[in-house]
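Written below as structure tokens is the structure these notes are about.
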Amino acid sequence: MLPASLSESALAARLARQEHEIASLCREVLDRYEEATCVYRLSERIGTVLGERSIAQLVVDDAAAVLGARSAEIWFRTTGGAALAASSGPAGAEPGPSVADVLAEGRPVAGDGDAGSAWAAVPLPDASGGALGVLVLRGRPEGRRYLTGEVKLLGAIAAVAAAFIRNERLVENARLVEARRREDEIARQVHRGLLPREDPLFAGLEISGGFRPAEIVGGDYYGYVAMADGSLGLAIADVSGHGVGAALYMATARGALHSEARDLLSPADVLRRVNEVLATDFSAADMFATFVFARFLPDGRRFVWSNAGHHPPLVLRATGEIETLKPCGPALGIVAGARWRDADTRFAPDDLLLLYTDGVVEARDAAGTFFGVDRLVTAARRPGRTAAEIRGAVLDALAAHTGSLPPRDDVTLVVIRGTAIEEAP
């Protein structure tokens, strides 16, 4: 049996160890409580600001204050490395090796810098396990190092910041998607308002025009103009670009066309006048418009036309011949003072005039093969059909060619067919 004095000594030692363990646990609990409180308060404050850089600024200010750092920085990952998003205190112009290491490895690092200046860097974790950025603290009072527990706290702060930044980016992406959706819908509404509601009735002609939009609104246009001498003006155009901008520029071009074609009979003069209206605004925005304007004379047996850089319309003769209406000058809006020339073409019963935009002939199948002019001609050359039936046949052939692929561009097609003119009794 042990002496009583030895038993008391062992008991005292045991009690001392237990008291030490209890004190250590209390400190650990207090540290965890302070850490949780710090992170909770930071989360509350981050929730009151908008924008990833505002979040970053709030985090570096709090992290520097809580851990007594001389300066703090957040760097966001970029394609070429890292870019400074926010800083508290003096920050370097370059991210430094610690930032590059954390971005590459996704793990926290800490150490002593020059002149005993301590530093710590922890990743801002992304959803895939990498790092979307780095939180860096530099300098401590009396040159102290950053302890393991402090680096863990810094990591918890970085994790909270990263969660809010990721959420902010998701929200911003959703805003951009919704804004683009609204922009596309506005463009569609503007674009639909530019197009004719119905095809005109004109002696000696059958006319069928139509537009099939792509997913992204482009700048296609077709329309008809009743001219001063009883002639019928037909226009087809394609403004470069997509979206609201292209639709608004096309609205400008359409307005200029209808204004000028009322007083002029020469298609070349019409294009010249429209170009003068468009040249300043279009050239400043690096925009242009290809354009064809044709004037059918009152008997429908002849038309005068001019082509400003557009895909050549096709005249399919009932005799089997094919004529192409090639450009007579540049696209509109490129240079002020440009000139075009008129051309005169006869038009007999059962002749066809096909006006189209590049979305027709440049549509591709799964192998990347263009629909092309030859397929367009083959689909259109079905004797005994009306203009509307011919237009439908071309669009059906186009759909069969592209299959399930989404359209890359708008499709605009106008078919004019010569018909016999009934003599008055």
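What number goes with the only condition from (1) open to solvent by less than 10 Å² (accessible area, probe 1.4 Å); (2) under 39 Å from the mean Cα position of the chain (by Cα) that Arg166 does not pass?
All conditions pass for Arg166, except number (1).
Name the single residue, out of those in segment 104-123 being touching a Phe, Trp or Tyr at 6+ places or on another chain (Cβ under 8 Å) and open to solvent by less than 40 Å² (accessible area, probe 1.4 Å), that is modelled with the lowest pLDDT.
The residue in question is Gly113.
Name every residue in segment 215-241 that is open to solvent by less than 10 Å² (accessible area, probe 1.4 Å) and either without any contact (Cβ under 8 Å) to a residue 40 or more places away in the chain or not in a strand (DSSP E or B) (or both), in order of residue number.
Those that are open to solvent by less than 10 Å² (accessible area, probe 1.4 Å) and either without any contact (Cβ under 8 Å) to a residue 40 or more places away in the chain or not in a strand (DSSP E or B) (or both): Val217, Gly218, Gly223, Val225, Ser231.
Just wondering, is there one or more residues in segment 343-355 that are part of a loop (DSSP other than H, G, I, E, B), more than 22 Å from Ala246 (Cα to Cα), more than 30 Å from the chain's Cα centre (by Cα) and hydrophobic (A, V, I, L, M, F, W, C)?
Initial filter on segment 343-355 (part of a loop (DSSP other than H, G, I, E, B)): 347-351.
Those left that are additionally more than 22 Å from Ala246 (Cα to Cα): 347-351.
Now drop any that are not more than 30 Å from the chain's Cα centre (by Cα), which leaves 347-351.
Applying the additional criterion that residues be hydrophobic (A, V, I, L, M, F, W, C) yields 347-348.
Yes, some residue in segment 343-355 is part of a loop (DSSP other than H, G, I, E, B), more than 22 Å from Ala246 (Cα to Cα), more than 30 Å from the chain's Cα centre (by Cα) and hydrophobic (A, V, I, L, M, F, W, C).
Report the residue count in segment 384-401 for those that are within 29 Å of the chain's Cα centre (by Cα) and surrounded by 17 or more Cβ atoms within 10 Å (Cβ to Cβ).
Result for segment 384-401: 2.
Check Tyr224 against each of (1) out of contact with any Asp or Glu (no Cβ under 8 Å at 6 or more places or on another chain); (2) among the hydroxyl-bearing types (Ser, Thr, Tyr); (3) under 26 Å from Leu352 (Cβ atoms) and name the one condition it does not meet.
(1)
Return the residue satisfying two criteria in turn: it lies in segment 262-283 and is more than 14 Å from Leu332 (Cβ to Cβ), free of Cβ contacts under 8 Å to residues at least 40 places away in the same chain and not acidic (Asp, Glu), and of such residues it is least open to solvent (accessible area, probe 1.4 Å).
Among those that are more than 14 Å from Leu332 (Cβ to Cβ), free of Cβ contacts under 8 Å to residues at least 40 places away in the same chain and not acidic (Asp, Glu), it is Leu264.
Please count how many residues of segment 293-315 are assigned to a loop (DSSP other than H, G, I, E, B), open to solvent by less than 40 Å² (accessible area, probe 1.4 Å) and farther than 17 Å from Tyr222 by Cβ.
Qualifying residue count, segment 293-315: 2.
Does Ala100 qualify as being more than 17 Å from Ala161 (Cβ to Cβ), open to solvent by 20 Å² or more (accessible area, probe 1.4 Å), modelled with pLDDT of 85 or more and assigned to a helix (DSSP H, G or I)?
Spelling it out, Ala100 is indeed more than 17 Å from Ala161 (Cβ to Cβ), open to solvent by 20 Å² or more (accessible area, probe 1.4 Å), modelled with pLDDT of 85 or more and assigned to a helix (DSSP H, G or I).
Scan segment 316-333 for residues that are within 26 Å of Met250 (Cα to Cα) and open to solvent by less than 50 Å² (accessible area, probe 1.4 Å) and jot them down.
Leu325, Cys328, Gly329, Ala331, Leu332, Gly333
Where the second residue is assigned to a helix (DSSP H, G or I) and the first is closer than 18 Å to Ser54 by Cα and lies in segment 168-183, which pairs have Cβ atoms under 7 Å and are six or more apart or on separate chains?
Sorted first by the residue in segment 168-183, then by its partner, the pairs are Glu168/Glu52; Glu168/Ile55; Arg169/Glu52.
Count, please, the residues in segment 258-273 that happen to be assigned to a helix (DSSP H, G or I) and either within 30 Å of the chain's Cα centre (by Cα) or among the acidic types (Asp, Glu) (or both).
Count: 2.
Tell me, yes or no, whether segment 364-372 has at least one residue that is part of a loop (DSSP other than H, G, I, E, B), among the hydroxyl-bearing types (Ser, Thr, Tyr) and either closer than 30 Å to Ala400 by Cα or open to solvent by 60 Å² or more (accessible area, probe 1.4 Å) (or both).
Scanning segment 364-372, I find at least one residue that is part of a loop (DSSP other than H, G, I, E, B), among the hydroxyl-bearing types (Ser, Thr, Tyr) and either closer than 30 Å to Ala400 by Cα or open to solvent by 60 Å² or more (accessible area, probe 1.4 Å) (or both), so the answer is yes.
Just the residues that are open to solvent by 10 Å² or more (accessible area, probe 1.4 Å) and touching a strand residue (DSSP E or B) at 6+ places or on another chain (Cβ under 7 Å), please, taken from segment 194-208. Spell out the reasoning first.
Just the residues of segment 194-208 that are open to solvent by 10 Å² or more (accessible area, probe 1.4 Å), to begin with: 194-203, 205-207.
Correct list: Leu194, Leu195, Pro196, Asp199, Pro200, Phe202, Leu205, Glu206, Ile207.
Please go through segment 274-292 and pick out each residue that is in a strand (DSSP E or B) and polar (S, T, N, Q). Let's see the steps before the verdict.
So the first thing to find is which residues in segment 274-292 are in a strand (DSSP E or B), and the list is 289-292.
Thr290, the sole residue that qualifies.
Go through segment 79-93 residue by residue and tally those that are at pLDDT 90 or above and hydroxyl-bearing (Ser, Thr, Tyr).
1
For segment 397-413, does any single residue satisfy the condition of being at pLDDT 95 or above and not in a helix (DSSP H, G or I)?
yes
Mind checking which residues of segment 183-193 are open to solvent by less than 50 Å² (accessible area, probe 1.4 Å) and farther than 14 Å from Ala237 by Cα?
Asp184, Ala187, Val190
Got at least one residue in segment 171-192 being under 29 Å from the mean Cα position of the chain (by Cα), in a helix (DSSP H, G or I) and closer than 24 Å to Pro267 by Cα?
Looking for residues that are under 29 Å from the mean Cα position of the chain (by Cα), in a helix (DSSP H, G or I) and closer than 24 Å to Pro267 by Cα, one finds at least one in segment 171-192, hence yes.
Just to verify a result, which residue in segment 129-163, among those that are among the charged types (D, E, K, R) and either part of a helix (DSSP H, G or I) or more than 15 Å from Ala65 (Cα to Cα) (or both), is most open to solvent (accessible area, probe 1.4 Å)?
Within segment 129-163, the subset among the charged types (D, E, K, R) is 138, 140, 142, 144-145, 150, 152.
After this cut, where a residue has to be either part of a helix (DSSP H, G or I) or more than 15 Å from Ala65 (Cα to Cα) (or both) as well, the list is 142, 144-145, 150, 152.
Values: Glu142: 179, Arg144: 103, Arg145: 120, Glu150: 38, Lys152: 135 Å².
Checked segment 129-163; the qualifying residue most open to solvent (accessible area, probe 1.4 Å) is Glu142.
The values are calculated or read from the model by the stated rules, or taken from the named source; none is laboratory data. From a predicted model like this one, the values you see are computed outputs, not experimental measurements. Heads up, the Cβs are rebuilt from the backbone with ideal geometry, glycines too, and the neighbour counts pull from every protein chain shown. Quick note on the areas: whole protein, heavy atoms, side chains included, nothing else; ligands and nucleic acids left out. Shrake-Rupley method; radii C 1.70, N 1.55, O 1.52, S 1.80 Å.
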